[in-house]
1. Would you calculate the separation in nanometres between label points at Leu9 and Ile200, each defined as 7 Å from the Cα along the Cα-to-beta-carbon direction?
2. Based on the Cβ-Cβ distance from Val183 to Gln213, what FRET efficiency comes out when R0 is 22 Å, to the nearest 0.05?
3. Multiply the residue gap between Gln45 and Gln164 by 0.36 nm, knock off their C-alpha separation, and tell me the result in nm, one decimal place.
4. Suppose all protein chains stay in the model; what accessible area per residue would a 1.4 Å probe give for region 141-219, in Å²?
5. In sequence order, what are the phi-derived ³J(HN,Hα) couplings for region 50-57 according to the Karplus relation 6.51 cos²θ - 1.76 cosθ + 1.60 with θ = phi - 60°, rounded to whole Hz, with x for glycine and proline?
6. May I ask you to evaluate 6.51 cos²θ - 1.76 cosθ + 1.60, the Karplus curve with θ = phi - 60°, for each residue of region 182-198 and list the ³J(HN,Hα) values in order in whole Hz, giving x for glycine and proline?
7. Say each of Val66 and Tyr174 gets a label point 7 Å from the Cα, pointing the same way as Cα to Cβ; how far apart are those two points in nm?
8. Can you run phi through the Karplus equation (6.51, -1.76, 1.60; θ = phi - 60°) for region 144-153 and list ³J(HN,Hα) in whole Hz, with x for Gly and Pro?
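The values are calculated or read from the model by the stated rules, or taken from the named source; none is laboratory data. Remember, predicted model here, so these are calculated numbers, not experimental data. Here the Cβ positions follow ideal geometry from the backbone for every residue, glycine too, while neighbour counts run over all protein chains shown. Just so you know, the surface numbers come from the protein's heavy atoms only, side chains and all, with ligands and any DNA or RNA stripped out. Shrake-Rupley method; radii C 1.70, N 1.55, O 1.52, S 1.80 Å.
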Amino acid sequence: MAEKLAFYLDDTQTRAGKWINLILTSLVLLSSAIFVIETYPIPIQITLILDNLNTCILLVFFIEYVLRFWAAPHKITYFFSLYSLIDLIVILPLFIGNFGISYLRLLRWFRILRLLRFVESQVFFDSTEGEDQLIIRRIIFTLFTIVFVYSGLIYQVEHPTNPQAFRTFIDAVYFCVVTMTTVGFGDVTPLSQGGRLLTILMIISGIALIPGQLGALIKELVRNANRVETPCGGCGLSRHDRDALFCKVCGTSLKSSPLNPARSPDAEK
């Protein structure tokens, strides 16, 4: 029973596995959207509805964590794994939210990190895509996560003391992007010590991570532009390098592929 449950929680090929992962991914995105919406002035009735919906999502994440922990063959190893620690951060507000400790609200912005579990999943993507598409997904997700998490943190830290500059989540995103790209317009500045510390971390992250991630993304886009349509008869992967003789996924000969006629020297020209 435990092995079957663990399989379906991570599986993306069977119908049941796809639906489970699709629902969990949708809940992560929905919970993140709720947090963004709550940074805007909305009626108290809608706020209560969103809070109740957020609590229900947290309960689902808690049940998922308990099931994953129960189904894990090596529970100590799983408990200290990256995904487990992220899941613990996500569900922690469910147990400490009633204590009113304001700084613990920072934890909620890390919920987007749960999407790490699904970045390499084939739930939303073509199962025949190659390593280059996977790399592009990782890069885009990394950039999105950095901006989202930093924006949420700076908003949570600065909004109570500097509500004019950090009125909504979009204001925080603007400050985060301007800071991490080292543009530095100076029209928005943090006032609290925590906000200034986060700004320093943003600048360091921007200098250390953003250029490398963007460079890798451009490199992969250029590599994709130099690929040609050469369907593989083994796995169906359609795009390969111009000089490729074998499929980089399954190793099937591209010249003898039933989906691809034999390439003559004239055709390759």
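1. 3.9 nm
2. Numbers: r = 17 Å, r/R0 = 0.78.
Working from the Cβ atoms, E equals 0.80.
3. Full-extension gain reported as 40.4 nm.
4. 50 Å²
5. With coefficients 6.51, -1.76 and 1.60, one gets 5, 5, 5, 5, 5, 5, 4, 5 Hz.
6. Values, residue by residue: 6, 5, x, 5, x, 6, 10, 9, x, 10, 7, 5, x, x, 5, 5, 5 Hz.
7. About 4.5 nm, to one decimal.
8. For region 144-153, the Karplus curve yields 4, 5, 4, 5, 5, 5, 4, 5, x, 5 Hz.
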